[in-house]
Amino acid sequence: MEETPEYRERTFEQYIETRPGVRGGKPCFKGTRITVQDVLEYLAGGMTEAELLHDFPNLTKRHILAARDYSYAHKLHPASGFTA
């Protein structure tokens, strides 16, 4: 199956949501207060996926992939506060 932008969006929507009043309305992983920005910044700072999963046991590799897909779909840059 070809991974179109629409497919990628449906995939990350399974894992990511925004909720008013939670982390300033930033995109978070469902059921957590961990933002997509947090994960992307940790990875950009040199943290490995294994370290990230160890430090955040509520996350899985699928969450990390969803964060990357979300970043790609929204042209986000972790070090610059998510601006294109």
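Summary of computed values
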{"read-out": "Residue in region 75-83 that is at pLDDT 90 or above, surrounded by fewer than 19 Cβ atoms within 10 Å (Cβ to Cβ), assigned to a helix (DSSP H, G or I) and under 12 Å from the mean Cα position of the chain (by Cα) present", "value": "no"}
{"read-out": "Cβ pairs under 6 Å, 6+ apart, first in region 20-46 and closer than 13 Å to H63 by Cβ, second small (G, A, S)", "value": "V36/A67; V39/A67; L40/A67; L40/S71"}
{"read-out": "Cβ pairs under 8 Å, 6+ apart, first in region 55-68 and in contact (Cβ under 8 Å) with a residue 12 or more places away in the chain and among the polar types (S, T, N, Q), second surrounded by 20 or more Cβ atoms within 10 Å (Cβ to Cβ) and not in a loop (DSSP other than H, G, I, E, B)", "value": "N58/F29"}
{"read-out": "Checking E9 against (1) modelled with pLDDT of 95 or more; (2) in a helix (DSSP H, G or I); (3) not aliphatic (A, V, I, L, M), the condition it does not meet", "value": "(1)"}
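The values are calculated or read from the model by the stated rules, or taken from the named source; none is laboratory data. Predicted model only: the values in this text are computed from it and were never measured. Cβ atoms come from the backbone with ideal geometry, glycine included; neighbour counts cover every protein chain shown.
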